[in-house]
């Protein structure tokens, strides 16, 4: 089974902290994605990566950056966390098909 | 932005067939249509994918007319456990590095 694992299920951080959300997939997928999900807004694409060291902005990249140094790992970075970044963050991967595999999500609260 | 349009919500009763339609007027020649299901506090899960005509699996059927500008997900004899948000996406499986979800359709199944 494909596994996409996010490093934390729940996180609480303070305003202004630098926050790292980690995602690892074990199926050698080329594409990886980060989304945030807020009530009533569906999944919104923050960044995606189609290869190591490659990244593309999604619809809401402001306030975020990403890193993909290895094929299996895609990190989302909140440079200076703010309360409006309190959300559920979801990581996904695909490889050669339209079937995406998602992690369990990280619920981030910024206080 | 998402390339699809779906109803925001639908209600149904147990045992009924539910049809959710998705519009994708600008679908490209190489695009496939993929549907996902999401339960609260979980990542979306792949349900079905198709290119044209009809596709059926153990969970659902997908109907795609000849012009491919829309598609209909059909859930036979729904149960309470089918209450979820359903998302329609279009994309090229060869590249599939631009997965944008819309707000989805919130299906509520009542007893």
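The values are calculated or read from the model by the stated rules, or taken from the named source; none is laboratory data. A quick note: this is a predicted structure, and the numbers were derived from the prediction, not measured. Reconstructed Cβ throughout: ideal geometry from the backbone, glycine too, with neighbour counts over all protein chains shown.
What strands (runs of 3 or more DSSP E) lie completely within region A:7-106 and have 2 or more residues being free of Cβ contacts under 8 Å to residues at least 24 places away in the same chain?
A:43-49, A:64-70
Any residue in region B:102-110 that is over 10 Å from the mean Cα position of the chain (by Cα), surrounded by fewer than 17 Cβ atoms within 10 Å (Cβ to Cβ) and part of a loop (DSSP other than H, G, I, E, B)?
Looking for residues that are over 10 Å from the mean Cα position of the chain (by Cα), surrounded by fewer than 17 Cβ atoms within 10 Å (Cβ to Cβ) and part of a loop (DSSP other than H, G, I, E, B), one finds none in region B:102-110, hence no.
So residue A:108 clears everything in (1) within 29 Å of residue B:32 (Cβ to Cβ); (2) crowded, with 19+ Cβ neighbours inside 10 Å except one condition, right? Which one?
(1)
So which residues in region B:50-105 are out of contact with any strand residue (DSSP E or B) (no Cβ under 9 Å at 6 or more places or on another chain) and facing chain A (nearest Cβ under 8 Å), if there are any at all?
B:94, the sole residue that qualifies.
Tell me, which residue of region A:69-97 that is more than 11 Å from the chain's Cα centre (by Cα) and surrounded by 21 or more Cβ atoms within 10 Å (Cβ to Cβ) is farthest from the other protein chains (Cβ to nearest Cβ)?
This residue is A:81.
Looking at the structure I just gave you, is residue A:33 at the interface with chain B (Cβ under 10 Å from one of its Cβ atoms) and closer than 21 Å to residue B:95 by Cα?
Yes.
Among the numbered criteria (1) away from chain A (no Cβ under 11 Å); (2) modelled with pLDDT under 95; (3) over 25 Å from residue A:37 (Cβ atoms), which one does residue B:17 miss?
(2)
Where in region B:1-70 are there strands (runs of 3 or more DSSP E), lying fully within it, with 1 or more residues that are surrounded by fewer than 18 Cβ atoms within 10 Å (Cβ to Cβ)?
B:9-13, B:18-23, B:45-50, B:53-56, B:61-64
Please go through region B:71-101 and pick out each residue that is modelled with pLDDT of 90 or more, at negative phi and assigned to a loop (DSSP other than H, G, I, E, B).
Passing the criteria: B:76, B:78, B:79, B:83.
Could you check region A:18-49 and list, in sequence order, the residues that are at pLDDT 90 or above and surrounded by fewer than 16 Cβ atoms within 10 Å (Cβ to Cβ)?
A:18, A:20, A:26, A:27, A:28, A:38
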